[in-house]
Amino acid sequence: MTGDGQVPKTPRAREPWHTAQSAALPYRWSPGGPQILLVTSRSTRRWVVPKGSVKSGMSSSASAALEAYEEAGVHGRIMRTPVGMYAYSKKNGRRGQLCLVQVFPLRVQRILRDWPERRQRRREWSTFAIARERVHEAALKRILLRFEARLLLCADGEGRKPQVMRQVPLCGGLR
């Protein structure tokens with residue numbers, strides 16, 4: 001965090017206790033509207049989005065897509081531009097570690113029955129409203145709210161996946 005309490009625009013490891021992470025925001029369209037896939041964390045069993053440290057030699061978005069595969073067992077189309085960033089404190093031994101997380105939407109195209117962390121986590125599709133109730137980080141709740149609004153802007157009046165999204169520039173990467 002900066003001196004004024006704001007999260008910097010890009011997640012840089014400014015101090016030894018800062019870690020740059022990336023997260024996937026796996027979503028899909030259901031007949032009732034957009035849904036998000038949450039997973040449980042391994043240690044606290046809280047509901048989170050798939051996230052982890054940015055892997056060496058990978059872009060932040062590619063690393064987020066890998067986390068979605070490992071933690072949630074999904075493949076899809078990842079956006080290269082984050083829709084937001086949040087910070088959280090992770091317990092690391094005796095001291096806390098500030099993690100700065102960039103969040104990348106991932107339109108799910110394939111849901112796997114078998115994936116690396118299937119025995120360590122639960123995954124569950126939910127509405128964005130329920131997801132906002134389940135996650136703990138206030139900034140992540142705001143990211144979910146803004147992203148849902150963006151998806152619905154691109155949808156028809158019934159909240160269904162739009163057939164054509166060319167009219168609204170925001171929608172280009174959401175197909």
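Since every read-out is calculated from the coordinates, none of them should be taken as a lab result. Remember, predicted model here, so these are calculated numbers, not experimental data. Reconstructed Cβ throughout: ideal geometry from the backbone, glycine too, with neighbour counts over all protein chains shown.
Taking Lys and Arg as +1 and Asp and Glu as -1, the other residues whose beta-carbon sits under 14 Å from that of residue 64 total +2. Using θ = phi - 60° in the Karplus curve 6.51 cos²θ - 1.76 cosθ + 1.60, the 3J(HN,Hα) couplings for region 43-49 round to 8, 8, 6, 6, 7, 9, 9 Hz; x is entered for Gly and Pro.
A protection proxy built from the mean count of other Cβ atoms within 10 Å ranks the segments 100-106, 74-80, 56-62, most packed first, as 100-106, 74-80, 56-62.
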